[in-house]
Amino acid sequence: MAWRLFLSKTLNLTPPPPNPKILKICEFSTSFLITKIPKKLRKKHKKPESARTRPVQPQSSTHSRLESILTRDSTFRFLTKTKQFLSKQPQRVLRLDDAGKLHRELGFPRGRKVLKSIQRHPLIFETYRHVDNKMWFGFTDFAEELLQEESSIMDAMEIDRVKKVRKLLMMSKDKRIPLSTIYHNRLLFGIPEDFRDRVAKYPEYFRIVVENDGKRILELVNWDPTLAVSELERQFVVSEYTVVKAFQFPVKYGKDLGLDENDTRKLNLLNTLPLVSPYSDGWKLDMWSLDAEKYRVGIVHEFLNLTVEKRASIHNIVEFKEEFSLTRRTYEMLKKQPRTFYLAGTEMNWAVFLKDAYDENGVLFDKDPQVIFNEKLYNFARMQQREVVSRIEEK
């Protein structure tokens with residue numbers, strides 16, 4: 001025991017007094033803090049591709065001009081949908097509070113303020129405070145003039161639109177299509193909003209039947225053989241080789257045949273003929289036969305020719321699936337015909353274009369009056385007020 005006391009005195013083993021400066025620095029522990037890596041130094045993890053994001057076309061085959069048309073549609077989604085919705089409202093106005101709850105109907109992103117979308121198009125839409133002290137919005141006087149111009153176009157093109165609907169009915173399986181289906185896709189064919197009322201003016205062509213469940217069906221009254229000629233058949237008369245070259249229906253054969261490239265091409269060309277008219281009873285064919293596939297390809301080709309922009313989205317085509325006897329493999333069927341159809345967008349949300357209807361810059365060779373009006377509307381929708389004033393002053 002004595003030696004312990006001796007050592008403690010000689011070596012001075014008593015602990016030193018605490019340093020107050022150190023205590024102030026280490027008063028709180030920082031071990032619970034997570035050190036963040038600067039954003040520039042973080043590893044970028046690519047999101048796994050899915051049908052929702054995976055493009056239809058590989059980068060090497062992309063037609064940028066046609067793809068940009070879908071981008072334009074997305075840009076003017078609010079303009080297009082709001083114009084439709086607002087046109088059906090009493091006095092063509094809507095309270096701003098109510099509009100904020102209608103993101104799906106008006107086409108603006110959910111959770112965003114509708115006012116921001118309205119302010120992007122000052123030449124088309126305007127807001128004002130009503131006597132009830134509530135904010136409302138509607139069309140500008142300039143936009144009202146444009147709508148009147150569009151209405152005149154609809155009246156002038158009425159006979160052409162009637163012809164389009166007749167041809168759609170003639171292509172359908174039972175020569176009848178629900179009125180709601182045509183109404184939902186009316187912009188595709190340039191059909192006016194009130195076409196259901198205009199149908200009554202043509203009893204020699206159409207008949208409306210109300211089914212037990214209240215569903216209204218548009219039926220064909222009589223068959224017109226002069227309309228039962230597809231665009232492909234017209235082209236075939238002018239140039240047989242052009243039509244045959246436009247499609248590919250390759251035949252599977254064994255290697256034992258020893259066919260060279262030229263023989264294979266001739267065999268595939270022979271297999272393409274004869275074409276199956278979309279106005280025939282092709283729906284009676286064996287669903288998975290070659291002739292049935294030719295029939296469905298012809299149906300889609302004629303369907304696109306009837307549209308004002310020679311294109312349609314998957315949503316448009318699916319709505320006519322039952323009437324036109326299309327299968328779930330329509331996407332794969334169209335991909336096998338790259339010479340005629342161009343598929344744009346993503347695998348889940350794609351659109352199909354008739355390639356021959358567009359030039360290399362993605363411009364239609366033959367523009368419907370409705371297409372010309374839409375392009376003019378888009379140009380005005382891009383403008384701000386000061387741009388228009390400056391243009392008027394220049395003139």
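The values are calculated or read from the model by the stated rules, or taken from the named source; none is laboratory data. Predicted model, so just to flag it, every value in this text is computed and none were measured. Reconstructed Cβ throughout: ideal geometry from the backbone, glycine too, with neighbour counts over all protein chains shown. We work out accessible area using only protein heavy atoms, side chains counted, and drop any ligands, DNA or RNA first. Shrake-Rupley method; radii C 1.70, N 1.55, O 1.52, S 1.80 Å.
Within segment 164-190, can you find the residues that are over 16 Å from Leu326 (Cα atoms) and assigned to a loop (DSSP other than H, G, I, E, B)?
Asn185, Gly190
Give me the pairs: first residue in segment 121-139 and polar (S, T, N, Q), second residue in a strand (DSSP E or B), beta-carbon distance under 6 Å, and six or more apart or on different chains, which are they?
Filtered contacts from segment 121-139: Thr127/Met135; Thr127/Phe137.
Does Glu332 count as within 21 Å of His63 (Cα to Cα) and surrounded by 15 or more Cβ atoms within 10 Å (Cβ to Cβ)?
No: the conditions fail for Glu332.
Out of curiosity, is Ser68 at pLDDT 75 or above, small (Gly, Ala, Ser) and open to solvent by less than 100 Å² (accessible area, probe 1.4 Å)?
Yes; evaluated as a whole, the condition is true for this residue.
Determine which member of the set Val297, Val318 is of a type in the set (A, V, I, L, M, F, W, C) and without any contact (Cβ under 8 Å) to a residue 12 or more places away in the chain.
Val318
For every residue, the table says whether it meets (1) modelled with pLDDT of 90 or more; (2) closer than 30 Å to Gly362 by Cβ; (3) open to solvent by less than 70 Å² (accessible area, probe 1.4 Å); (4) not in a helix (DSSP H, G or I).
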residue	(1), (2), (3), (4)
Tyr241	no, yes, no, no
Leu275	no, yes, yes, yes
Met287	no, no, no, yes
Gly298	yes, yes, yes, no
Asn305	yes, yes, yes, no
Ser325	yes, no, yes, yes
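Tally the residues that are part of a loop (DSSP other than H, G, I, E, B) and either open to solvent by less than 40 Å² (accessible area, probe 1.4 Å) or acidic (Asp, Glu) (or both), restricting the search to segment 223-238.
Final tally of qualifying residues: 4.
Please go through segment 335-364 and pick out each residue that is open to solvent by 10 Å² or more (accessible area, probe 1.4 Å), touching a helix residue (DSSP H, G or I) at 6+ places or on another chain (Cβ under 6 Å) and not in a strand (DSSP E or B).
Arg339, Asn361, Gly362
Checking Lys215 against (1) touching a helix residue (DSSP H, G or I) at 6+ places or on another chain (Cβ under 6 Å); (2) modelled with pLDDT under 95, only one condition comes out false. Which one?
(1)
Can you list the helices (runs of 4 or more DSSP H) lying wholly within segment 47-120 that have 1 or more residues being within 23 Å of Thr330 (Cα to Cα)?
64-75
Could you tell me which numbered condition Arg196 fails, if it satisfies all but one of (1) touching a Lys or Arg at 6+ places or on another chain (Cβ under 9 Å); (2) open to solvent by less than 50 Å² (accessible area, probe 1.4 Å)?
(2)
Under the condition of being of a type in the set (D, E, K, R) and touching a helix residue (DSSP H, G or I) at 6+ places or on another chain (Cβ under 7 Å), which residue from segment 83-113 is most open to solvent (accessible area, probe 1.4 Å)?
Only one residue fits best here, namely Arg110.
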